[in-house]
1. Go through the stretch 1-55 and name the trypsin sites (Lys or Arg not before Pro) that are in a DSSP coil and have 14 or fewer other Cβ atoms within 10 Å of their Cβ.
2. Going by amide H atoms built from the backbone, whose H comes under 5 Å of the H on A85, apart from near neighbours?
3. Each residue of the stretch 33-50 in order: what ³J(HN,Hα) in whole Hz does its phi give by Karplus 6.51 cos²θ - 1.76 cosθ + 1.60, θ = phi - 60°, with x for Gly and Pro?
4. Can you list residues whose amide H is under 5 Å from F61's amide H, if they're 5+ apart or on another chain and H is modeled 1.01 Å from N?
5. Using amide H atoms built in the peptide plane, which far-off residues or other-chain residues are under 5 Å from N44 H to H?
6. From the backbone phi of the stretch 94-99, what are the Karplus-calculated ³J(HN,Hα) couplings (6.51 cos²θ - 1.76 cosθ + 1.60, θ = phi - 60°) in whole Hz, Gly and Pro given as x?
7. If you take the charge dipole of the stretch 1-71 about its Cα centre, with +1 on Lys and Arg Cβ and -1 on Asp and Glu Cβ, which of V38, P65, V3 is farthest toward its positive end?
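Only the coordinates and a few stated rules stand behind these numbers; no lab work does. Everything numeric in this text was worked out from a predicted model, so none of it was measured. Quick reminder, even Gly has a Cβ in these numbers, built from the backbone with ideal geometry, and neighbours come from all protein chains shown.
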Amino acid sequence: MTVRISKPEFNLREKLTELDYSRVPYEKMPAGSIIQVVDHKANNTPSTTSSTYAEITGTSFDIYPKFHTSKIFVSWDFGTEANGALHGIAFRVYRQIDDGSSTLLKTQDQFTYNAQSGWNNGAGGVNITYIDTPKSIGKLTYYLQWHVEQSGTFYINYNDGSNAKDGIAAQAMEIRQ
């Protein structure tokens, strides 16, 4: 005796339209999902001659995580130029939670290059990234600091300034854990 079992066809698209929400709720997103992306752009032309760390104008931006356990991937991209013999430059990544005290997350140094005088001796394109685990759903503010090792002036987006559409580009992505 042969027994045949038949099941009705399963239509995924039809089942999705039956859901009571238009997109998957954040709480149902699996680990590794990108929950939100914050995109920041600044077209200023900051410069420094300082051998002590100072905040870079135009690099600060905020994200408000939806989960206490999320990781936050932050990234900054920009072009550089130098005038003078700098010998080296360094960057730091900082985070503030709810406008409180700042926490140093990363020091990225030493970008070193020939100690030549004059223009056209910059680090070129710079990309700085960090993966943070803030354990907070408060306002997170990320920003960069920089300094030069020796005399000279170091610029971000020199000659781009007002012409630069995306001179300093920064992003933050909240990643569900």
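1. Passing both the DSSP loop test and the Cβ count: R4, R23.
2. Close amide H contacts, sequence-distant or interchain: G118.
3. Whole-Hz 3J(HN,Hα) from phi for the stretch 33-50: 6, 7, 7, 7, 10, 10, 10, 10, 10, 9, 10, 7, 10, x, 9, 8, 10, 7.
4. Under 5 Å from the amide H of F61: Y142.
5. I168
6. 10, 9, 10, 10, 6, 6
7. Sorting the options by dipole projection puts first V3.
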